[in-house]
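Everything below concerns the one structure shown next.
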Amino acid sequence: MSNTEPAPAEVECRGGVPAPARVEVLTARDVPLGGPRAMRVRRTLPQRQRSLIGAWCFADHYGPDDVAASGGMDVAPHPHTGLQTVSWLFAGEVEHRDSLGSHALVRPGELNLMTSGHGICHSEVSTPGTRILHGAQLWVALPAAHRDGGREFRHYAPPAADLGGATARVFLGTVAGLASPVPTYSPLLGAEIVLRPHARLSLPAEPSYEHGVLVDTGLVSLAGTRLERGSLGYAAPGSAVLELVNLAGEETRVLLLGGAPFEEDIVMWWNFVGRSHEEIAAFREAWQAESDQFGRVAGYAGTPPRLPAPPLPNARLKPRTR
Ligand code: MN
């Protein structure tokens, strides 16, 4: 289509508007978690075009699911290495047990951050009182200096802060001057943001960070790019402001993730983050051999008593480079 005006005016388009950040839209893959009634999740990280946003290396979004139909969540003890897990719920309740001895109830709007260090295992089961399960499971890769450290478990319930047009709960790092007291091992941020109908939000951003916006409900635009429910918009470093607009006539809820680009190549397989195929194979062996590297979960009553590792693929696992 062409402009058919006989004397088109010259238009200066820059104006006072900052150049929009380059936004890449990552659409979710539907993945069954396994088990007889296989709860399904929408996975946006990792994927072929992008493995990491800062140190965020994994993002699963699920629900709202009627537990009566889906069977809810029942994940038997399984191991992790070289990462932190962030459990964030919008509805429902999950009972967490780990080999550090932590026993916690994961509730909506509260951060539960488990650090694997060299090795941990945990189980996750939705509670009998849960009718609707709705949330996200996120992982953070640990940098080399901390990936062989100890196990940790932290709980933090961030206050809901009014940003004018939106409410934010900052669970990691700092967003709009709101800081989480929970330490991170790399420059990182995470927050739940609820935008009121048609709200426009200009969030100050750290220009050296890259950012991701995962849409839980509603419809939003990030720096002018429309993001549907379940998708993850990626904004490259270089912006001092993140422009979020709620395009819907109802509330829109998103998770904002961000951090300094993670410079190390990692190898991810099953529940492990490592640095080489050999290391991942050794983690797998250690889990199968019930090594002390992962410890034991007390109090998990389901079956199987621990999840066996799947077979390694025939091909060598390759690092995910940026
Ligand atoms: Mn896990």
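The values are calculated or read from the model by the stated rules, or taken from the named source; none is laboratory data. Every value quoted in this text rests on a predicted model; they were computed, and no experiment measured them. Here the Cβ is made from the backbone with ideal geometry for all residues, glycine too, and neighbour counts use every protein chain on show. Accessible surface is based on the protein model in full, side chains and every heavy atom, while ligands, DNA and RNA are left aside. Shrake-Rupley method; radii C 1.70, N 1.55, O 1.52, S 1.80 Å.
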Which of the strands (runs of 3 or more DSSP E) contained wholly in the stretch 184-296 include at least 2 residues that are within 17 Å of residue 142 (Cβ to Cβ)?
188-195, 252-259, 267-269, 272-274
Kindly provide the set of residues from the stretch 95-133 that are more than 21 Å from residue 270 (Cβ to Cβ), assigned to a strand (DSSP E or B) and open to solvent by 10 Å² or more (accessible area, probe 1.4 Å), ordered by number.
95, 103, 104, 105, 108, 126, 132
Within the stretch 68-77, identify whether any single residue is among the hydroxyl-bearing types (Ser, Thr, Tyr), more than 16 Å from the ligand (Cβ to nearest atom), within 21 Å of residue 303 (Cβ to Cβ) and in contact with a Gly (Cβ under 7 Å, 6 or more places away or on another chain), and answer yes or no.
no
Could you tell me which residue of the stretch 272-306 is nearest to the chain's Cα centre (by Cα), considering only residues that are touching a residue at least 24 places away in the same chain (Cβ under 8 Å) and open to solvent by 50 Å² or more (accessible area, probe 1.4 Å)?
275
Would you call residue 92 open to solvent by 10 Å² or more (accessible area, probe 1.4 Å) and under 16 Å from the mean Cα position of the chain (by Cα)?
no
Could you please let me know if residue 246 is within 16 Å of the ligand (Cβ to nearest atom), of a type outside the set (Lys, Arg) and either closer than 23 Å to residue 50 by Cβ or open to solvent by less than 60 Å² (accessible area, probe 1.4 Å) (or both)?
no
Of all residues in the stretch 134-146, count the ones that are within 13 Å of the ligand (Cβ to nearest atom) and either open to solvent by 20 Å² or more (accessible area, probe 1.4 Å) or without any contact (Cβ under 8 Å) to a residue 60 or more places away in the chain (or both).
1
Does at least one position in the stretch 153-175 carry a residue that is within 20 Å of the chain's Cα centre (by Cα), over 24 Å from residue 208 (Cβ atoms) and of a type in the set (Asp, Glu)?
no
